[in-house]
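Since the structure comes first, as structure tokens, the remarks are kept for the end.
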Amino acid sequence: MNKKTIGILAGIIIIVCAAVFGGIYATRNIGKSDRVISEENAEKRLTKMVDRINPKTGTPIKSPVEYDATEDAASELPDIDTCKVPVSAETALFAEIYSSPEKAGSGTDGWLCEMAMEFNSQGYQVDGQPISVQIRNVNSGQALDYIATGKAVPAGFAPSTMMWVDMLNARGTPTEIITDRLVGNVAGILLSDKTYKQLTEKYGSVDLKAITEATEAGEFAMGYTNPFASSAGLNFLICTLERYDLADPLSETAINGFQKFQKNVPFVALTTMQMREAAENGSLDGFIMEYQSYQNDTMLSKNYKFTPYGYRHDNPLVSIESASPQEKEILARFAEYCTTERAKARATEYGFNGLDEYTCEYDTVSGDILTSAQKLYKTNKDNGRPVIGVFVTDVSGSMDGEPLAALQLSLINSMRYINSENYIGLVSYADEVTIEVPIAQFDLEQQTLFKGSVENLYASGGTATFDAICIALNMINEQMEEMPDAKPMLFVLSDGETNVGYNLNDIRDVLSGLKIPVYTIGYNADLSALQSISSINEAASIDASTDDVVYQLKTLFNASM
């Protein structure tokens, strides 16, 4: 064979090979969704980044795990002074009221505060003494914990819904109804016009039954808020259980139905803002909110339809058993003031008292059933899909002292709220990254390793936050290969600084492509930096001051872990 012929054959081989490999490259993504392609690209980029990081491996340290069966729940609560007092008492004789935020805030959320200020200026008296009221802004679930544990007990309690009062009574703290309604409100599901139309066409109408069926079938992504803290979330939970078994919402039938529904819920939001952002970014097709908040948000009321559900939120006012007769009289006088025509008109102006024609189709449930429903949620929310979570802890020099001590205390205390079926790991970082505890099931053995490693963290050096996040993401990905149906989560506990290694811009696309939520907990932190990380995949960012970090993490883990 002459040289010319050999050259021609070689050229043909090169052309054929180029065509074959070119065809393979060009068709490599055929049949794949954009999300799969994005995940694959993110994984490839993460692998390259991880290759440049040389993490250390920590020495396993065990520490006994001892949970007191009669744990002191009061010790987990922050001092009551962390909850704001928008209206202070003006007299020696007064009654303090713990109120839910939608009426004890400011602007259109400040109706009860305005009523209190006006009431205090009227010069009313009881037994010849001037009187006033003091309003403290406390989430209904947290207020329940304060009162039930005796940590801080007001004269009056004004939650969003009577459900919290029923639960308080069931926990051994009797109350007396001053009024079952200060102002009217209703919880509802918000749907875009497009989603509302699609559900109507398929199911004939839009109600809780249609939404749960669509969620079960994987046709609809529903979002709701933490039922341990949120009135709308608790309402949604119990009504979903009743949707499956109205006679017994705690039955096996109800549990099985809830598990099917929950399987297709992307996440339970820690806050309404987190849930709303997820909806705006397309991660949720529907989410819950109270009508008053919906009315006061022009964007929401213009772009979403409101479908009421469940029990009414009529903002009752009750007195606590320990309140004096004079305090009870003050509460009664204040409730009467809040029902004047002028007060009602102001409430309506602020978005309350809408949908007054709405009535709940279910009978009232007891406080014991509501408490059991919360426990049922905790054990069944993941429907057999364990969470794979890695805690990334900042041990740089800036965390030395009180911030690191708070981090250690909050993590160790919160361990009891992580289900033992989940898979947990621990990473620490300063200048370098250390894998303190590789991912494993959070059984007693893993808990002793986790606790011991947390106790032995110490602070020094720089801050390689995003290097540590890369290592943690890689750990989760490797575990997900063995458990593809698990739910991945990342928790970053830091003061928000970064001065070593990769930065946020380096890994933003990786986080976005992998869709792994990164919850951030800030200790004396640059909160905007941490919020930038969490917002990529609609996770929550917590400002964990040393006073309330323990309670906030308890709430987060009850909702997520």
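The values are calculated or read from the model by the stated rules, or taken from the named source; none is laboratory data. Just so we're clear, the structure is a prediction, and the values are computed from it rather than from any experiment. Quick reminder, even Gly has a Cβ in these numbers, built from the backbone with ideal geometry, and neighbours come from all protein chains shown. Only protein heavy atoms, including side chains, enter the accessible area calculation; ligands, DNA and RNA are left aside. Shrake-Rupley method; radii C 1.70, N 1.55, O 1.52, S 1.80 Å.
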Just need a number here: residues in the stretch 234-267 that are open to solvent by 10 Å² or more (accessible area, probe 1.4 Å), touching a helix residue (DSSP H, G or I) at 6+ places or on another chain (Cβ under 7 Å) and outside any helix (DSSP H, G or I).
4
So is residue 559 within 16 Å of the chain's Cα centre (by Cα), within 25 Å of residue 230 (Cβ to Cβ), in a helix (DSSP H, G or I) and touching a residue at least 24 places away in the same chain (Cβ under 8 Å) or not?
yes
Identify all residues within the stretch 101-150 that are open to solvent by less than 10 Å² (accessible area, probe 1.4 Å), of a type in the set (S, T, N, Q) and closer than 15 Å to residue 85 by Cβ; write none if there are none.
132
Out of all the residues in the stretch 379-400, which are open to solvent by less than 40 Å² (accessible area, probe 1.4 Å) and either farther than 17 Å from residue 467 by Cα or among the small types (Gly, Ala, Ser) (or both)?
380, 381, 382, 386, 387, 388, 389, 396, 397, 399
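Report whether or not residue 472 is of a type in the set (A, V, I, L, M), open to solvent by less than 20 Å² (accessible area, probe 1.4 Å) and either more than 22 Å from residue 265 (Cα to Cα) or more than 24 Å from the chain's Cα centre (by Cα) (or both).
Yes, satisfied.
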Out of 467, 506, 431, 485, which single residue is assigned to a helix (DSSP H, G or I) and either open to solvent by 30 Å² or more (accessible area, probe 1.4 Å) or among the basic types (Lys, Arg) (or both)?
506
Could you please let me know if residue 414 is within 20 Å of residue 63 (Cα to Cα), touching a Leu at 6+ places or on another chain (Cβ under 9 Å) and either without any contact (Cβ under 8 Å) to a residue 12 or more places away in the chain or outside any strand (DSSP E or B) (or both)?
yes
Enumeration of residues in the stretch 382-411 that are within 18 Å of residue 552 (Cβ to Cβ) and in a strand (DSSP E or B):
389, 391, 392, 393, 394
Could you list, in sequence order, the residues of the stretch 305-346 that are in a loop (DSSP other than H, G, I, E, B), touching a residue at least 60 places away in the same chain (Cβ under 8 Å) and open to solvent by less than 60 Å² (accessible area, probe 1.4 Å)?
309, 310, 311, 312, 313, 314, 315, 316, 323, 324, 339
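Would you be able to tell me the number of residues in the stretch 151-161 that are over 20 Å from residue 185 (Cβ atoms) and either open to solvent by 30 Å² or more (accessible area, probe 1.4 Å) or β-branched (Val, Ile, Thr) (or both)?
2
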Count - residues of the stretch 434-444 that are acidic (Asp, Glu) and either open to solvent by less than 30 Å² (accessible area, probe 1.4 Å) or assigned to a helix (DSSP H, G or I) (or both):
0
Report yes if residue 421 is touching a strand residue (DSSP E or B) at 6+ places or on another chain (Cβ under 8 Å) and either on the phi > 0 side of the Ramachandran plot or in contact (Cβ under 8 Å) with a residue 40 or more places away in the chain (or both), otherwise no.
no
Surrounded by fewer than 18 Cβ atoms within 10 Å (Cβ to Cβ), closer than 30 Å to residue 48 by Cβ, touching a helix residue (DSSP H, G or I) at 6+ places or on another chain (Cβ under 9 Å) and modelled with pLDDT under 90, is that true of residue 420?
no
Would you confirm whether or not the stretch 291-298 contains a residue that is modelled with pLDDT of 95 or more, under 30 Å from residue 118 (Cβ atoms) and open to solvent by 60 Å² or more (accessible area, probe 1.4 Å)?
no
Only residues that are in contact (Cβ under 8 Å) with a residue 24 or more places away in the chain, over 20 Å from the mean Cα position of the chain (by Cα) and more than 14 Å from residue 185 (Cα to Cα): list them for the stretch 347-383, please.
362, 364, 365, 366, 367, 368, 369
Among what's in the stretch 449-464 and is part of a helix (DSSP H, G or I) and open to solvent by 10 Å² or more (accessible area, probe 1.4 Å), pick the residue that is nearest to residue 405 (Cα to Cα).
455
